[in-house]
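No lab work stands behind these numbers, since they all come straight from the coordinates. For clarity, every value in this text was computed on a predicted model and none was experimentally measured. Note that we place each Cβ from the backbone using ideal geometry, even for glycine, and neighbour counts take in every protein chain shown.
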Amino acid sequence: MASRRTIPFDYPASGAIAAALPGAGLPWLDALRAEGRRLSADGLPSTRLEAWKYTSLAPLAALEFAAPAADSVAEADLGPDAFDAVDGPSLVFVNGRLSASHSRFDALPQGLRIVALAEGLADDPAQVEALVGGTAPLNGDPMAAFNAAFAADGCIVETEPGAEVQEPVRLRFVAAPGGEPLAYHPRVIVRAGAGSRLALVECHEGPGGAPSWSNPLVDVRVGEGAVLSHVKLQIEGEGAYHTALTKAALAGGAHYESHLLALGAGLARHEIHVRFDGEDADCQLRGGYMARGSQHVDNTTVIDHAVPHCESREVYKGVLDDTARGVFQGRIVVRKDAQKTDGHQLNRTLLLSPKAEIDTKPELEIYADDVKCSHGATAGEPEADQLFYLRSRGLDHRTALALIVEGFMGELLGEIGHEPVRAALAVRVADWIGDAV
Amino acid sequence: MLTIENLHATADGKPILNGLDLQVNAGEVHAVMGPNGSGKSTLSYVIAGREGYEVTQGSIAYQGQDLLAMSVEERALSGVFLAFQYPVEIPGVGSATFFKTAVNAARKHRGEKEYDAMEFLKLIREKRAALGIDDGMMRRALNVGFSGGEKKRNEMLQMALLEPTLAILDETDSGLDIDALKVVASGINGMRAPERAMVVITHYQRLLDHVVPDKVHVLSSGRIVRSGGSELALELERSGYAGLGLESSAAA
């Protein structure tokens, strides 16, 4: 029987989904899936779990999901590519499965390898096992259990030690729901070899209206001295549920930066776990969220300073309108031996409506004594002083507000080094503002 | 151009202006001086239309129109400009982007063609040079991290770009070293024109060494208590506000 810490979730298509999964019969994969099924059988996490206190998946649990159809959609059915000005290899997944006709990842630059998961399981399962089999992402992550049980496709992106990959690798996940709700659980594995440089651009998108659930798990390891820039744009339709978990492990001297822009889905949770495994590494988590109507957007981060001399910087900024609700949970753990840790966290929200709401919860757990750790949070309407100043120069209220909001979000985007990627995100922010104010 | 009659105003419910009269004609530069708490900033905010300042009695006519009936942006578009004592920092908003938006809003209002990027670049380069503002400042976010002097020069640049009909300068001289003061003063003098009026609000006389006003008014407890020519400023410099029998209400 399910405990009160879970919501009973009848996933009726689970049998059909499981039967259609690639790689059945591989012992390590069967075992991983069995473990996923066992842990997900209780249902979805309930708001009685501290980590899910502000985000209720009850509406998701009420949906009856169908197995995604195996056939992909035609070119014309995909929306415009948000990153069409960005070069580099691109993988397109429709309803969680690779669409070979839309994807371009042959002729890769030196030192970069990309394997589509379902293809790889058919062609070279030993290679996939070497990268996936060793991961055990299930402890305490309820959504990871669903992903482990039901992931049908995804990819492995790997760089060789020292490889400097110029153009970002783009992963596009498109929901194309039919009449029935559909769910998919993409699995992405990123391995940046020692001293390599790689940029990854994820985009999650889909049409408005029809319900869908995407539950991606992105498993990242940044090798010694490697640099990984990880951009994510989330623009699914308002009928979508998006529960994403990114787990990043950083070796010594590694640099990991995450840039999120969350605009879509009716309910979205972006959970990022970072663990420092080696000294002198640093991570930058930057997240932007803009929500309106009755959208719910949850950013939950856990940074585990397991070793000394690492630096983490976290800035989450968002704009909420109408009755939208935002959640920011930022946990920073500094273990007993992690001396000289330098951690800072900031969450700022502009509320454009008196009915918009942000719940922000910093959690600093510090067990070492020689550390610098701080956090801050602000929430409020745009400052009257700023509006007055701009209006006193002849800008109408709407234009003044739009400039302030654009500036507020633009500070985040300014940190993205790849100009075409930054510009693509800036367009989305400007469009959102154009519709809002 | 500007006619203020019997103006009574409150700030956050507290009476600050208590029957102020002021007449400024086109082509004139007036100085309004007064001790702390006399109502200098309140006067500037009431003219610009800031929220939280309520006019309880009296009137302000600007070019024959009821200024108090106009919104903040209508006043600006009609040619009223306030140089802020404390210019506001707006993170993430590029100075040049903002200036172009403001200049084009004014041009559109006047039925003129909006400047494109190249035309605007030419205009701003010309205006910048006169105020000694480098290009780097244009690329920074509006007022963010600017020094006191940079903020005030930035206000002068906006005034030069917007070419107002009536400019109110609220303690533009405060916090400036002598070099910055001279730059600001030459900015003001360069804007003097037969069709333009300026009201320079200041606590000290020193700006008036460089900008010689046509008229000087002394503000105390929310009223103009003395008016005269530029020699009144010198008298104040010698005797202080106390010499006129005026106390700083902040100090009282």
Once the Cα gyration tensor of segment A:6-278 is diagonalised, what are the square roots of 5 times its eigenvalues, in whole Å and ordered largest first, as equivalent ellipsoid semi-axes?
27, 21, 19
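Rounded to the nearest 500, what is the 222 nm mean residue ellipticity of chain A from helices alone, with -39500 (n - 2.57) per DSSP H run of 4+ residues and division by all residues?
It comes out at -6000 deg cm²/dmol, rounded to the nearest 500.
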Given only helices, namely DSSP H runs of n ≥ 4 each adding -39500 (n - 2.57), what is the per-residue ellipticity at 222 nm of chain B, to the nearest 500 deg cm²/dmol?
-11000 deg cm²/dmol
Convex hull volume of the Cα atoms in segment B:102-202, per residue, in Å³?
108 Å³
In segment A:342-392, what GluC sites (Glu not before Pro) fall in a loop by DSSP, with at most 14 other Cβ atoms inside 10 Å?
A:GLU383
Spelling it out for A:THR246: with amide H atoms placed in the peptide plane at 1.01 Å from N, the residues 5 or more places away or on another chain with amide H under 5 Å from its amide H are A:VAL218, A:GLU271, A:ILE272, A:HIS273
Expressed as a rounded percentage, what relative contact order does chain B have, with Cα pairs under 8 Å and six or more residues apart?
29 percent
Of all the Cα-Cα pairs you can form in segment A:223-322, what percent are over 22 Å apart?
33 percent
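What does the convex hull of the alpha-carbon atoms of the protein assembly as shown project to on average, in nm²?
35.1 nm²
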Quick check: Cα centre of segment A:265-323 to Cα centre of segment A:156-185, how many Å?
20 Å
For a test of the definition: using alpha carbon positions, the gyration tensor, and the 1.5 limit on a/c, classify segment A:383-437 as rounded, prolate or oblate.
prolate
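What is the order of A:ASP153, A:ASP359, fewest Cβ neighbours within 10 Å to most?
A:ASP359, A:ASP153
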Low-density loop positions, chymotrypsin sites (Phe, Trp or Tyr not before Pro), segment B:1-94 - DSSP coil, at most 10 other Cβ in 10 Å
none
For peptide A:380-392, what's the mean number of Cβ atoms from other chains within 10 Å of each residue's Cβ?
6
Could you tell me which of the pairs A:LYS317/A:LYS340; B:LYS127/B:LYS152; B:LYS122/B:LYS182; A:LYS53/A:LYS232; A:LYS232/A:LYS355 are separated by over 21 angstrom between their Cα atoms in the structure shown?
A:LYS317/A:LYS340; B:LYS122/B:LYS182; A:LYS53/A:LYS232; A:LYS232/A:LYS355
If you restrict to DSSP beta bridges whose two residues both lie in segment A:82-204, what percentage is antiparallel, to the nearest 5?
30 percent
Could you pull out the GluC sites (Glu not before Pro) across segment A:106-183 that fall in loop regions by DSSP (anything but H, G, I, E, B) with no more than 16 other Cβ atoms inside 10 Å?
none
Relative contact order (%) - segment A:383-437, alpha-carbon pairs under 8 angstrom, separation at least six:
35 percent
Kirkwood Rh and Cα-based Rg: tell me the resulting Rg over Rh for segment B:2-243, rounded to two decimals.
0.96
I need the phi-derived Karplus couplings for segment B:22-34: 6.51 cos²θ - 1.76 cosθ + 1.60, θ = phi - 60°, integer Hz, Gly and Pro marked x.
7, 10, 10, 9, 4, x, 9, 10, 10, 10, 10, 10, x
Relative contact order (%) - criterion: Cα under 8 Å, at least six apart; region: chain A
10 percent
